[in-house]
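The values are calculated or read from the model by the stated rules, or taken from the named source; none is laboratory data. For clarity, every value in this text was computed on a predicted model and none was experimentally measured. Here the Cβ is made from the backbone with ideal geometry for all residues, glycine too, and neighbour counts use every protein chain on show.
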Amino acid sequence: MSDFSKPYNPQETEPKIYNLWLKSGVFTPENLPDADKRKPYTIVLPPPNVTGTLHIGHAVMLAIQDILIRFERMRGKKTLWIPGTDHAAIATQEKVEKEIYKKEGKSRHDLGREEFLRRVESFAQESHDTIVHQIKKMGCSMDWSREAYTLDEKRSLAVRTAFKRMYDAGLIYRGWRIVNWDPKLQTTVSDDEIEWKEEKAPFYYLKYGPFVIGTARPETKFGDKYVVMHPDDERYKNYAHGQKIEVEWINGTITAIIIKDEAVDREFGTGVMTITPWHDATDFEIAQRHNLQGERIIDLMGKLLPIAGDFKGQHITKARPLIVEKLKEKGLVRDVDEKYVHRVATNSRGGGTIEPQMKLQWFVDVNKKYHSEKTLKEHMLSVIKTGQIKILPDRFEKIYFHWIHNLRDWCISRQIWYGHQIPVWYCTDCNTDKIGGVKWDHESKWHSITHIDDDATKIVVIEQPKECPVCKSKNLHQDPDTLDTWFSSGLWTFSTLGWPFDAAQGKPADLKMYHPTDVLETGYDIIFFWVARMILMTGFLLDDIPFKTVYLHGLVRDSQGRKMSKSLGNIIDPLTMSEKYGADATRLSLIIGNAPGNDLRMSEDKIRGYRNFANKIWNASRFVLENTQGIDTSLSPSFAEQDQKILSELKRMVEEVTQDMENFKFYLAAEKIYHYFWHTFADTIIEGAKPRLSAPAQGWSASGRKSEEENTQDKTSAQYMLREVLTTCLKLLHPFMPFVTEAVWEQVPQKSKQLLMVEKWPK
């Protein structure tokens, strides 16, 4: 396939090699040699979001997973690597909405639900095709016959089934809670999707009757009628719980009530705080404990409601300085800290600043016992504590435990159009007084429901009901919200292997054979987003674990250690690098120096250097093969002492590399084989063998005067040694640099020719 006489050309060689692999069919485990005798080894690809193209972080993930799969395939495992993509509901919808508004000046509401979803699907398909091209370009040996999508019909069935089973078990409920509301995207987001940013903002100390309270958000204080202090705070022992006091406040005199609660931090500020139950999770919990009333201050668009008086209808960012001015005029501002830095919650999915809101939403209860045994939270903790799942590096276990211990009920409903619509229906005839705003939009061809009371009768079934089971009415309407993306991706390891299934027919072959999966390889930044959710869902639905090992890689930064961003102009595109220098060079640059859990510094110079290494492999291999033509590889020659030493050292290196691979120290294994091939094999062994290969039939040789027979034996020994070292190195290098090694392997004369990727790992 490759012209060995020419310099190595990755742009020409790599596509041909990948097509060769595809045609062979060995990406599919059932087609591997002696497939029935192999033990399974499974990786399910963390599905990239269909929001555009893959970035350098994805390339790290792909490289590491392909290394694992190729290594275990060569070790005789029945390797399955399932590809797939994620619809990424919020992120994808937000991107399409932004494009439509930019080009047409229209919102999704202008288009209608049906047309908008058509456009999103078109965008998602284009993104999918680009992503698949990139994955193949990186040389990933995935079983494309099993490719999945989080929004395809099989995964949709899995989502509906999971929802139904969790609802029937009492783990899914609809209730009033403080949620993370994104006024920009007009939807809730989960705690996991919050990105905290530090901002400098004035911190105001305000006179509140006889007390001084502090806040960076005076716009939330219109409804503050409860002043809270610690029951053991000696400074306020003269105030009784439930005591009422008159307070001059923003819009006049109000009656405030003293509340004693241990949640107050006595060391922060004056040890006194007022609470806004509708706009703060901690305040809401205090209000619940004491049965206090709350009132909404800010609407879902981020504007002040009538309780704000003259400031009604103003956006909070514009109203804030005006409110401060009024407080100053009334003499209620005691002090201002202009250097105060506080953490602001933002939507990591491309949205705006989060505004906590009290809303009626769908939740997963993480503290309710299921199967009369344990809670979801307890399961998520126990599988790590008992070692059923190993997290690498293990320092992330502490972070995981901390997050789980502080885990709140999971808000799974989103107020967007793209995604899995919540599989709950309502009969308008049975719920006449409990459902409002039901209408048929002829343009969008969609029923719209603007209000559903929490006690409305719900129809929760896997397949869409044809009629109400109570009154037989056909006037049914589905809940308008969609499910959190992580709900569907939490089912990923087993929904891709045939779940759900008909119990009467038995467990599907794939699920029985390949689950739980062996390794989840992903970035440490989504350990809470996805890893924990998969453990949660698999624990309840399968009473099992989704994977045995979690391998966490770090973030990719530039050569100066900075985060890659468009604004800095330091982004390294993996596809561009692969096209320019070859996928092998790109892959190796992402592995060497990449210890688990640590950030990796990356530069184009580094990739260019490993392009030179690919050339070195090609040229050294060509020299060896040209000088070992005609030798019978089936023979076991009598090696010269110096060659025995070389082969002995090679064996030790093989053992070290294998051990590193088994211990997930890919960076060490890659570095060892890189240095061995370049400096030991190419620079030392080959150079040392050249005089032996060209020694005269008789007379002087590299080691002195020898007979013709002695020179022939010495040359033969050198030839066999060089061939043995080369073929061993090609096998060791293959998981890291599959293209150039496979291309060279094609040139190696063999009696029983087979692909390098299915050759046995050296021992």
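Can you tell me which residue is nearest to the chain's Cα centre (by Cα) among those in region 486-541 that are among the acidic types (D, E) and assigned to a strand (DSSP E or B)? Top of the filtered list is E521. Does any residue of region 413-425 turn out to be under 20 Å from the mean Cα position of the chain (by Cα), in a helix (DSSP H, G or I), crowded, with 20+ Cβ neighbours inside 10 Å and assigned by TED's automatic domain parsing to the domain that holds W486? Looking for residues that are under 20 Å from the mean Cα position of the chain (by Cα), in a helix (DSSP H, G or I), crowded, with 20+ Cβ neighbours inside 10 Å and assigned by TED's automatic domain parsing to the domain that holds W486, one finds none in region 413-425, hence no. Here M166, M142 are screened, and the one residue that is within 30 Å of M737 (Cα to Cα) and out of contact with any Gly (no Cβ under 7 Å at 6 or more places or on another chain) is M142.
Anything in region 632-645 that is surrounded by 13 or more Cβ atoms within 10 Å (Cβ to Cβ), at pLDDT 85 or above and in a loop (DSSP other than H, G, I, E, B)? List them, or say none. Walk me through it before giving the result.
Keep residues of region 632-645 that are surrounded by 13 or more Cβ atoms within 10 Å (Cβ to Cβ), which gives 633, 637, 639-640, 642-644.
Applying the additional criterion that residues be at pLDDT 85 or above yields 639-640, 642-644.
Answer for region 632-645, where residues must be surrounded by 13 or more Cβ atoms within 10 Å (Cβ to Cβ), at pLDDT 85 or above and in a loop (DSSP other than H, G, I, E, B): F639, A640.
If you go through region 12-20 one residue at a time, do you hit one that is hydrophobic (A, V, I, L, M, F, W, C), outside the structural domain of S145 (by TED's automatic domain parsing) and either outside any loop (DSSP other than H, G, I, E, B) or touching a helix residue (DSSP H, G or I) at 6+ places or on another chain (Cβ under 7 Å) (or both)? Yes, region 12-20 has at least one match.
Of the residues making up region 152-167, not a single one is in contact (Cβ under 8 Å) with a residue 60 or more places away in the chain, farther than 24 Å from L497 by Cα, crowded, with 17+ Cβ neighbours inside 10 Å and out of contact with any strand residue (DSSP E or B) (no Cβ under 8 Å at 6 or more places or on another chain). Counting only helices (runs of 4 or more DSSP H) that sit wholly inside region 85-157, those with at least 3 residues that are within 21 Å of the chain's Cα centre (by Cα), of a type in the set (A, V, I, L, M) and within 26 Å of L185 (Cα to Cα) are 89-104. Condition first: surrounded by fewer than 23 Cβ atoms within 10 Å (Cβ to Cβ), modelled with pLDDT under 95 and farther than 17 Å from A91 by Cβ. Can you find one or more residues in region 183-190 that meet it? Checked against the condition, which is being surrounded by fewer than 23 Cβ atoms within 10 Å (Cβ to Cβ), modelled with pLDDT under 95 and farther than 17 Å from A91 by Cβ, region 183-190 yields at least one hit. Test R652 against the stated conditions and say whether it is charged (D, E, K, R), surrounded by 19 or more Cβ atoms within 10 Å (Cβ to Cβ), within 39 Å of the chain's Cα centre (by Cα) and part of a helix (DSSP H, G or I). No.
Among residues of region 174-198 that are under 14 Å from A345 (Cα atoms), those with a beta-carbon under 6 Å from a residue that is acidic (D, E) and modelled with pLDDT of 85 or more at least six positions away or on a different chain give the pairs W181/E355; P183/E355; V189/D182; S190/D484.
Kindly evaluate R119 against the criterion of being modelled with pLDDT of 95 or more, surrounded by fewer than 18 Cβ atoms within 10 Å (Cβ to Cβ) and among the basic types (K, R). Talk me through it step by step, then tell me what you get.
Numbers: modelled with pLDDT of 95 or more: yes; surrounded by fewer than 18 Cβ atoms within 10 Å (Cβ to Cβ): yes; among the basic types (K, R): yes.
The answer is yes for R119.
Beta carbons closer than 8 Å, at least 6 apart along the sequence or on distinct chains, pair a first residue in region 626-654 that is in contact (Cβ under 8 Å) with a residue 24 or more places away in the chain with a second that is exposed (fewer than 13 other Cβ atoms within 10 Å of the Cβ) for T633/Q750; T633/K751; S634/K751; V654/K763. Of all residues in region 241-271, those that are within 26 Å of A308 (Cβ to Cβ) and touching a Ser or Thr at 6+ places or on another chain (Cβ under 9 Å) total 5.
When you check D310 against the structure, is it of a type in the set (D, E), surrounded by 16 or more Cβ atoms within 10 Å (Cβ to Cβ) and at pLDDT below 95, yes or no?
Numbers: of a type in the set (D, E): yes; surrounded by 16 or more Cβ atoms within 10 Å (Cβ to Cβ): no; at pLDDT below 95: yes.
Against the criterion (of a type in the set (D, E), surrounded by 16 or more Cβ atoms within 10 Å (Cβ to Cβ) and at pLDDT below 95), D310 does not qualify.
Taking the numbered list (1) surrounded by fewer than 19 Cβ atoms within 10 Å (Cβ to Cβ); (2) out of contact with any Asp or Glu (no Cβ under 8 Å at 6 or more places or on another chain) in turn, D224 passes all entries but (1).
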